[in-house]
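Report on the following structure.
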Amino acid sequence: MKAKNYRRVKGQAYTRKKYIKGSPPPKITKFTMGDTTRKFEYKAFLIAQKQVQLRHNALEAARVAANRVLSGKLGDDYFLRIMPYPHVILRENKMIFGAHADRLQDGMRKAFGKSIGTAARVKVNQPVIIAKVNENGIEAAKEALKRGGAKLPTSCRILIEKVSD
């Protein structure tokens, strides 16, 4: 199985966990990190530039990378949130290849597939990660979002805006 096969958004989303036996839980555990109560001066957005499906392990890798940079440079003086939730359940029809494999597989007969993971569907210009920082942490937020965006299977841009209260 290659992750590349699940990037494109095609067809209807398969999300009804009520009908799915053994749907795997998403690997991403925390969606908000840092100080959740304090007010911050700036917001930094990591924005997806294409419509894509982000697998749960890619979102977790981006979260870990961004959080590591922010906590290392700012301590606890930031807020980080992963925006999309991986609802879409990905399926794979496993095939056995090799010698005498023709006796073990049925090809496309009953090829519904077993669930192998989850993904989040992201639209064009939708924010994937939001970081809130004060003025002294803008460069750290840019670096963190750049590192997090490198883990995602789409090109992203970083947008900084001042929070007006």
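Just a few scattered comments:
- Matching residues, the range 35-54, being buried (at least 17 other Cβ atoms within 10 Å of the Cβ) and either among the small types (Gly, Ala, Ser) or assigned to a loop (DSSP other than H, G, I, E, B) (or both): Phe40, Ala44, Ala48
- Selection of the range 127-145 for residues being in a helix (DSSP H, G or I) and in contact with a helix residue (DSSP H, G or I) (Cβ under 9 Å, 6 or more places away or on another chain) yields Asn136, Gly137, Glu139, Ala140, Ala141, Glu143, Ala144, Leu145.
- Residues (under 17 Å from the mean Cα position of the chain (by Cα) and in contact (Cβ under 8 Å) with a residue 40 or more places away in the chain) located in the range 1-13: Ala3, Lys4, Tyr6, Arg7, Arg8, Val9, Ala13
- For the range 128-165, a residue qualifies if it is surrounded by fewer than 20 Cβ atoms within 10 Å (Cβ to Cβ) and either in contact with a Pro (Cβ under 9 Å, 6 or more places away or on another chain) or among the acidic types (Asp, Glu) (or both), and the qualifying residues are Glu135, Glu139, Glu143, Leu159, Glu161, Asp165.
- Note on the range 90-116: residues that are modelled with pLDDT of 85 or more and either closer than 19 Å to Ile158 by Cβ or in contact with a Lys or Arg (Cβ under 6 Å, 6 or more places away or on another chain) (or both) amount to 1.
- Residues located in the range 55-78, provided they are hydroxyl-bearing (Ser, Thr, Tyr) and not in a helix (DSSP H, G or I): Tyr78
- Filter result (hydroxyl-bearing (Ser, Thr, Tyr), within 15 Å of the chain's Cα centre (by Cα) and closer than 21 Å to Lys142 by Cβ) within the range 14-56: Thr32
- Residue check, Phe97 surrounded by 15 or more Cβ atoms within 10 Å (Cβ to Cβ), more than 23 Å from the chain's Cα centre (by Cα) and either part of a loop (DSSP other than H, G, I, E, B) or at negative phi (or both): no
- Filter result (more than 10 Å from Gly117 (Cα to Cα), of a type outside the set (A, V, I, L, M, F, W, C) and surrounded by 10 or more Cβ atoms within 10 Å (Cβ to Cβ)) within the range 15-34: Thr15, Arg16, Lys17, Lys30, Thr32, Gly34
The values are calculated or read from the model by the stated rules, or taken from the named source; none is laboratory data. Given the structure is predicted, the values throughout are model-derived calculations rather than measurements. In this analysis, Cβ positions are derived from the backbone assuming ideal geometry, glycine residues included, and neighbour counts consider all displayed protein chains.
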